[in-house]
Amino acid sequence: GRLRRAAVVVVDCGGAGAPPPGLRGISMDWDWMQFMKAGLGTLAAIALVVALFVMFVRDVTQKQHTVLRNFPVIGRFRYWFEELGEYFRQYFFANDREEMPFNRSTRSWVYRLAKNEGGVIGFGSTYDLHAPGALIFVNAPFPVLESDRLPTPPLVIGEGWCRTPFTARSVVNVSGMSFGAISEPAVRALSRGAKEAGCWMDTGEGGLSPFHLEGGCDVIMQIGTAKYGVRDARGGYDEAKIREIAAHESVRAFEIKLSQGAKPGKGGVLPAAKVTPLIARIRGIPVGEDSISPNRHTDIASMDDLLDRIAWLRDLTGKPVGVKTAIGGRYFANEMTERILARGLEFAPDFFVVDGGEGGSGAAPQALADHVGLSIDEALPRVADALVAAGLKPRIRLIASGKLVTSARAAWALCCGADFVNTARGFMFALGCIQALRCHTNTCPTGITTHNPRLQRGLVVEEKYLRVAHYALNMNKEIDMIAHSCGVRHARELERRHVRLVQPTGGTIALDVLYPMPVAARARA
């Protein structure tokens with residue numbers, strides 16, 4: 001108290017009397033600190049009042065939002081909570097099995113596989129065995145002994161029909177994700193991880209980048225409707241570029257993408273913010289402009305056009321050529337098999353990728369994502385039936401894609417008749433995706449779908465590529481485990497009789513009863 005009074009006296013005397021040396025600095029520092037604190041507090045209060053006043057005026061005068069016009073400033077909390085709602089539900093309110101597009105339990109399953117922690121749980125499953133559509137595999141009373149198990153054999157794609165057939169070793173593979181839709185470190189981690197696991201990686205329609213080749217994995221070069229990476233100045237095919245890509249030893253096959261499950265009838269969409277100079281150079285498009293693909297190939301307007309293009313591309317590259325498309329019904333697969341049988345097996349695709357309507361995308365119109373294209377649950381058996389009935393199943397390898405991120409769903413696809421399974425979002429989870437639903441905004445918090453260097457910094461390639469490899473290897477391991485439980489020696493022996501689906505009545509039905517083997521196939525057997 002004495003010190004403070006002395007300081008005040010010193011100031012009030014206006015320099016008429018000098019305070020002792022020890023009090024001079026103390027008095028000036030104390031007064032200056034008090035002044036600064038008072039000044040900053042006042043400025044902050046004034047700034048807050050001004051900001052609230054500006055917000056009030058803007059809200060009252062704007063005409064777009066009724067809530068803000070009627071409840072200025074306070075109404076902003078409504079929009080804030082609405083934006084944050086999906087994230088609060090994800091972590092606090094939704095239970096483990098009800099969230100979309102992937103619930104917490106499914107994501108945790110993938111995370112454990114990617115971290116090589118095993119898919120072991122305790123005290124029972126939260127999977128609802130009574131929910132319509134639930135998968136139940138038919139366990140054998142005498143499962144396969146460890147000594148009788150066989151490794152799942154690889155399959156050759158294009159054998160006898162192209163100069164360089166492709167031997168595919170892994171059942172589970174990386175589905176198409178374009179460089180542009182996903183980031184450089186994401187592509188690099190996927191490439192290295194796919195090499196480690198022995199699976200292939202699809203480029204997506206964005207073209208072949210150096211990062212796809214970096215890891216040395218098997219690559220399938222996808223050609224979308226915009227022909228990114230293989231287009232000439234007019235948007236047509238550039239044969240020199242195609243030969244250059246085919247010359248890479250890592251590029252094992254080419255895939256003509258007709259449509260995608262998340263947006264059938266709509267081309268790819270890459271927002272302008274994600275079209276960097278490097279991406280623009282690889283794709284052959286302007287920098288900083290929305291990259292929107294045509295909704296179909298301008299040179300493919302019929303089934304015969306498609307078969308001609310397949311034969312042309314196979315002859316040009318010497319490598320297997322396949323087709324990827326969503327399915328709307330029986331018509332497409334039936335017409336394709338009819339035209340192949342009429343024209344000859346040399347016009348058949350070497351593989352066929354069925355993409356279900358539940359497939360994902362970095363950006364897609366909600367009307368198409370929600371309501372166009374059959375689910376993989378129905379599309380896959382229909383296509384398999386068409387190939388089997390026509391006797392083309394040995395000629396055309398069938399690949400399933402569309403929300404098949406767990407070993408159970410992948411095993412179901414093999415039971416339906418698929419030879420391989422592609423997944424994109426499964427590998428995104430392996431990279432660390434938290435389902436933030438910001439793929440199209442260039443603000444992905446995990447660095448997977450953004451080109452912001454600050455956000456990409458969190459995706460460490462040297463760490464994440466191992467998780468990619470673990471996920472693929474453990475998926476294959478668990479698929480085999482399901483097969484052994486069903487009494488078969490490896491996953492490729494799984495059949496429709498090995499899985500049952502829960503019906504709305506609560507009972508189950510075998511898949512081979514729901515989708516019986518075509519009569520023509522029985523006659524050939």
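On inspection, Gly229 does not qualify as at pLDDT below 95, open to solvent by less than 10 Å² (accessible area, probe 1.4 Å), of a type outside the set (Asp, Glu) and part of a loop (DSSP other than H, G, I, E, B).
Across region 35-69, the qualifying residues are those that are in a loop (DSSP other than H, G, I, E, B) and open to solvent by 100 Å² or more (accessible area, probe 1.4 Å), and the one among them that is modelled with the lowest pLDDT is Gln64.
Every condition in (1) at pLDDT below 95; (2) more than 20 Å from the chain's Cα centre (by Cα) holds for Leu270 except the one numbered (2). Screening region 103-124 for residues that are in a loop (DSSP other than H, G, I, E, B) and modelled with pLDDT under 80 and picking the one that is farthest from Val502 (Cα to Cα) gives Gly118. Does region 278-289 contain at least one residue that is open to solvent by less than 40 Å² (accessible area, probe 1.4 Å) and acidic (Asp, Glu)? No: zero hits. Would you be able to say whether some residue in region 177-198 is over 16 Å from the mean Cα position of the chain (by Cα) and either in a loop (DSSP other than H, G, I, E, B) or farther than 29 Å from His490 by Cβ (or both)? Looking through region 177-198, at least one residue is over 16 Å from the mean Cα position of the chain (by Cα) and either in a loop (DSSP other than H, G, I, E, B) or farther than 29 Å from His490 by Cβ (or both).
Might you let me know whether region 243-250 holds any residue that is open to solvent by 20 Å² or more (accessible area, probe 1.4 Å), acidic (Asp, Glu) and over 25 Å from Ala472 (Cβ atoms)? Within region 243-250, one or more residues are open to solvent by 20 Å² or more (accessible area, probe 1.4 Å), acidic (Asp, Glu) and over 25 Å from Ala472 (Cβ atoms).
Looking across region 428-452 at every residue that is among the hydroxyl-bearing types (Ser, Thr, Tyr) and open to solvent by 50 Å² or more (accessible area, probe 1.4 Å), the one that is modelled with the lowest pLDDT is identified as Thr441. Restricting region 102-119 to residues that are under 28 Å from Ile509 (Cα atoms) and out of contact with any helix residue (DSSP H, G or I) (no Cβ under 8 Å at 6 or more places or on another chain), the residue that is most open to solvent (accessible area, probe 1.4 Å) is Trp109. Kindly check whether there is at least one residue in region 324-344 that is aromatic (Phe, Trp, Tyr) and in contact (Cβ under 8 Å) with a residue 60 or more places away in the chain. No, because not a single residue in region 324-344 is aromatic (Phe, Trp, Tyr) and in contact (Cβ under 8 Å) with a residue 60 or more places away in the chain. Among what's in region 137-159 and is touching a residue at least 60 places away in the same chain (Cβ under 8 Å) and of a type in the set (A, V, I, L, M), pick the residue that is surrounded by the fewest Cβ atoms within 10 Å (Cβ to Cβ). Once the filter is applied, the top-ranked residue is Ala140. Only a single criterion out of (1) in contact (Cβ under 8 Å) with a residue 12 or more places away in the chain; (2) within 21 Å of the chain's Cα centre (by Cα); (3) more than 30 Å from Ser125 (Cα to Cα); (4) surrounded by fewer than 19 Cβ atoms within 10 Å (Cβ to Cβ) is not satisfied by Ser375, namely (3).
Within the bounds of region 160-172, is there any residue that is surrounded by 12 or more Cβ atoms within 10 Å (Cβ to Cβ), modelled with pLDDT under 95 and closer than 20 Å to Ser485 by Cα? There is no residue in region 160-172 that is surrounded by 12 or more Cβ atoms within 10 Å (Cβ to Cβ), modelled with pLDDT under 95 and closer than 20 Å to Ser485 by Cα. Number of residues in region 483-506 that are open to solvent by less than 30 Å² (accessible area, probe 1.4 Å) and either aliphatic (A, V, I, L, M) or without any contact (Cβ under 8 Å) to a residue 60 or more places away in the chain (or both): the value is 7. Of the candidates Ala253, Ala240, the single residue that is small (Gly, Ala, Ser), in contact (Cβ under 8 Å) with a residue 24 or more places away in the chain and either farther than 17 Å from Ser291 by Cβ or not in a loop (DSSP other than H, G, I, E, B) (or both) is Ala253. Val354: touching a strand residue (DSSP E or B) at 6+ places or on another chain (Cβ under 9 Å), open to solvent by less than 10 Å² (accessible area, probe 1.4 Å), more than 16 Å from Phe102 (Cβ to Cβ) and β-branched (Val, Ile, Thr), yes or no? It is true that Val354 is touching a strand residue (DSSP E or B) at 6+ places or on another chain (Cβ under 9 Å), open to solvent by less than 10 Å² (accessible area, probe 1.4 Å), more than 16 Å from Phe102 (Cβ to Cβ) and β-branched (Val, Ile, Thr). For region 6-15, check the following and say yes or no: at least one residue is open to solvent by less than 60 Å² (accessible area, probe 1.4 Å), modelled with pLDDT under 65 and in contact with a Lys or Arg (Cβ under 9 Å, 6 or more places away or on another chain). Yes; the residues of region 6-15 include at least one that is open to solvent by less than 60 Å² (accessible area, probe 1.4 Å), modelled with pLDDT under 65 and in contact with a Lys or Arg (Cβ under 9 Å, 6 or more places away or on another chain). Being at pLDDT 95 or above and under 27 Å from Val187 (Cα atoms) is a property that Val388 lacks. Residues in region 174-206 that are without any contact (Cβ under 8 Å) to a residue 40 or more places away in the chain and of a type in the set (A, V, I, L, M): Val187, Met201. Restricting Tyr471, Tyr465 to residues that are aromatic (Phe, Trp, Tyr), at pLDDT 95 or above and open to solvent by 30 Å² or more (accessible area, probe 1.4 Å) narrows the list to Tyr465. For region 397-449, name all the residues that are under 16 Å from Thr152 (Cα atoms) and within 16 Å of the chain's Cα centre (by Cα). Passing the criteria: Ala410, Val421.
The values are calculated or read from the model by the stated rules, or taken from the named source; none is laboratory data. This one's a predicted model, so the numbers in the text were calculated from it and none came from an experiment. We place every Cβ from the backbone using ideal geometry, glycine too, and count neighbours over all the protein chains shown. Calculation scope for accessible area: heavy atoms of the full protein, side chains included, ligands and nucleic acids excluded. Shrake-Rupley method; radii C 1.70, N 1.55, O 1.52, S 1.80 Å.
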